[in-house]
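A.B. asks: Here's a structure for you.
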Amino acid sequence: MPANILVVEDEPAIQELIAINLEYAGHSVLRAHDAEQATQMVREVLPDVVLLDWMLPGQSGLAFARRLREDERTRDIPIIMLTARGTEADKIAGLESGADDYITKPFSPREMVARIKAVLRRRSPQLTEEPVEVGGLRLDPGTHRVSADSAQLDLGPTEFRLLHFMMTHPERVHSRTQLLDQVWGDHVFVEERTVDVHIRRLRKSLEPSGHDRLIQTVRGSGYRLAATN
């Protein structure tokens, strides 16, 4: 599934090569040449992944990664560090700064795309196209179908995204604000009660199979998808 990827790289030729290959793989690319420009972009649009060069002018990639991890809004963004520094100590430093993965230059475009896919699978499974099944309910992002006991269920596009996110994060309680950010998108200004409306619609769509019981209200906190029906 396409992701919104922020590439923070000060070498124009390398930045261009990365961007071309990511766009060829179907992703959308944001570009920044230093941490200051990247910070401004993250304020405006929350990326799905950050590809971050270690050696940047001004603030280093390590320092920028730490800042992302310290901010509640950005702490869960997957970070892949790009660097020519390949010693074990350097890799440990990069991972300890908050990076999820580490790619040593020079690297192949295929390796880079594969690493991004792997990180998204671990940190943001709702952005992949792999089918997910919980409690007899199956959702396939590739075909955009939801089924229960082989019977197809009819969901609207927002309800589909909402169910996909909750199914890829079962048993976790999500506040309305978190669901708005993850399903509707960061910086989309809609009322929190909009979530309640779509939760009701989702439950109604799941009623025929009895899977509406999977969607649980956690009083004072938000919503949770139970792992069993």
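A.B. asks: Under 16 Å Cα-Cα from Lys105, which aspartates and glutamates qualify once same-chain neighbours fewer than 8 residues away are excluded?
C.D. replies: Glu9, Asp10, Glu11, Glu16, Asp53, Glu88, Asp90
A.B. asks: Give me, ordered by chain and number, the residues 5 or more places off Leu46 or on other chains with an amide H under 5 Å from its own placed amide H.
C.D. replies: Under 5 Å from the amide H of Leu46: Asp186.
A.B. asks: Cut-off under 13 Å on the C-alpha distance; same-chain residues fewer than 8 positions from Lys117 excluded. Which aspartates and glutamates are left, in chain and number order?
C.D. replies: Output for Lys117: Asp48, Asp100, Asp101, Glu129, Glu130.
A.B. asks: Once the Cβ-Cβ distance between Ser60 and Asp154 is put in as r, and R0 is 45 Å, what FRET efficiency do you end up with, to the nearest 0.05?
C.D. replies: Calculated transfer efficiency: 0.35.
A.B. asks: Where a ≥ b ≥ c are the square roots of the eigenvalues of the C-alpha gyration tensor, would you call the range 132-225 rounded, which needs a/c under 1.5, or, failing that, prolate if a/b is larger than b/c, or oblate?
C.D. replies: prolate
A.B. asks: Let me ask something additional. Suppose we keep just the DSSP beta bridges with both residues in the chain; what percent of those would be antiparallel, to 5?
C.D. replies: Numbers: 15 of 32 bridges.
About 45 percent, rounded to the nearest 5.
A.B. asks: In which sequence would Tyr24, Tyr102 go, from the one with the fewest C-beta neighbours within 10 Å to the one with the most?
C.D. replies: Exposure proxy ranking, most exposed first: Tyr24, Tyr102.
A.B. asks: Can you work out ³J(HN,Hα) from phi for every residue in the range 54-67, in order, using Karplus 6.51 cos²θ - 1.76 cosθ + 1.60 and θ = phi - 60°, giving whole Hz and x for Gly and Pro?
C.D. replies: Along the range 54-67, the couplings run 5, 8, 10, x, x, 6, 6, x, 4, 5, 5, 4, 4, 5 Hz.
A.B. asks: Tell me the Rg and the Dmax, in Å, that the Cα atoms of the chain produce.
C.D. replies: 19.2, 58
All of the numbers you see were taken from the coordinates with simple rules; none came from a lab. In this text, all values refer to a predicted model and were calculated from it rather than measured experimentally. Cβ atoms come from the backbone with ideal geometry, glycine included; neighbour counts cover every protein chain shown.
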